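One structure is given below, encoded as structure tokens.
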Amino acid sequence: MLTIGIAGGTGSGKTTVVNNVLRKLNVDGVNVLSQDNYYRDNQHLPLADRELLNYDHPKSIDFELLTQHVQALKRGESIHQPVYSFVTHSRTGDYTVVQPKEVLIVEGILVLTSKELLKEFDLKVYVQTDSDERLIRRIRRDTQERGRDLEEVLQRYQTTLKPMHQEFIEPSKNEADLIIPNMRQNLMAIEILTTVIYHSLKKENNAAR
């Protein structure tokens, strides 16, 4: 199994990169695990307290569970991926059954910050995007998809997103094998990433015959 980690700052376009790759490939052979489903479950806290937590620090992610799930899929075992709600800032109690496939992509802002998870990746990718552009995308997403007001989004950006990006996320690009630049200039990088995955799928299919 080819395992790829894709990181980058909030609003950098990680999901767009993944979707562009999937459009060029046989999606049936590729699994995508999102870090967003592996935030720690804080149901024991009142909602008001959950809203104050720093969700951009590596400690907010249940890397132990995420790493265990990646390892299980690599062993050919299915997993029960938790479902996380950004409205309640907690896991919903539901889960998604994920069956192992030939290629596994793990994407999220912090996936290149975990030493244990890094060991599981065959290829590490970082999506680099201008900070102003990332902020604009974050505002649009949080106000339109997550029901947050502009003041809340800007306050969170100033108090947690920006400092956490500078302390943890930006430095994690040093772990990357491939850095994909701004979305308007990444066609060749997408082609390279797609080619690597395609050859892995082809190799797996030939081995299965």
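Yes or no, residue by residue, for (1) assigned to a strand (DSSP E or B); (2) within 14 Å of the chain's Cα centre (by Cα); (3) under 15 Å from Leu193 (Cβ atoms):
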residue	(1), (2), (3)
Ile6	yes, yes, yes
Thr15	no, yes, yes
Asn31	yes, yes, no
Asn37	no, yes, no
Tyr55	no, yes, no
Glu64	no, no, no
Gln68	no, no, no
Ala72	no, no, no
Gly76	no, no, no
> Which condition does Lys24 not pass, out of (1) touching a helix residue (DSSP H, G or I) at 6+ places or on another chain (Cβ under 8 Å); (2) in contact (Cβ under 8 Å) with a residue 24 or more places away in the chain; (3) closer than 20 Å to Lys115 by Cα, if it passes all the others?
Replying inline: (3)
> Taking Val106, is it open to solvent by less than 10 Å² (accessible area, probe 1.4 Å) and within 15 Å of the chain's Cα centre (by Cα)?
Replying inline: yes
> So which of Leu112, Leu150, Leu118 ends up being over 16 Å from Asp177 (Cα atoms) and touching a helix residue (DSSP H, G or I) at 6+ places or on another chain (Cβ under 8 Å)?
Replying inline: Leu150
> In region 47-62, what residues are β-branched (Val, Ile, Thr) and open to solvent by 50 Å² or more (accessible area, probe 1.4 Å)?
Replying inline: none
> How many residues does region 156-194 hold that are loosely packed, with under 12 Cβ neighbours inside 10 Å and either among the polar types (S, T, N, Q) or modelled with pLDDT of 80 or more (or both)?
Replying inline: 3
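Among His80, His44, which is open to solvent by 30 Å² or more (accessible area, probe 1.4 Å) and in a strand (DSSP E or B)? Before you say what the answer is, go through the steps one by one.
Values: His44 fails: in a strand (DSSP E or B).
None of the others qualify; the one that does is His80.
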>> So Thr129 ticks every box in (1) part of a loop (DSSP other than H, G, I, E, B); (2) within 23 Å of Val21 (Cβ to Cβ); (3) at pLDDT 95 or above but one. Which box is left unticked?
In response: (3)
> Does any residue of region 93-102 turn out to be in contact with a strand residue (DSSP E or B) (Cβ under 8 Å, 6 or more places away or on another chain), open to solvent by less than 20 Å² (accessible area, probe 1.4 Å) and not β-branched (Val, Ile, Thr)?
Replying inline: no
>> Let me spell it out: the conditions are (1) crowded, with 19+ Cβ neighbours inside 10 Å; (2) modelled with pLDDT of 75 or more; (3) not β-branched (Val, Ile, Thr), and Arg134 meets all of them except one. Which number is the exception?
In response: (2)
>> On the basis of being assigned to a helix (DSSP H, G or I) and modelled with pLDDT of 75 or more, does Leu110 make the cut?
In response: no
> Looking at (1) open to solvent by 60 Å² or more (accessible area, probe 1.4 Å); (2) at pLDDT below 90, which is the only condition Asp142 fails?
Replying inline: (1)
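The values are calculated or read from the model by the stated rules, or taken from the named source; none is laboratory data. These numbers were taken from a predicted model, which means no experiment stands behind them. Backbone-built Cβ (ideal geometry, glycine too); neighbour counts: all protein chains shown. Surface accessibility is based on the protein's heavy atoms, side chains included, excluding ligands, DNA and RNA. Shrake-Rupley method; radii C 1.70, N 1.55, O 1.52, S 1.80 Å.
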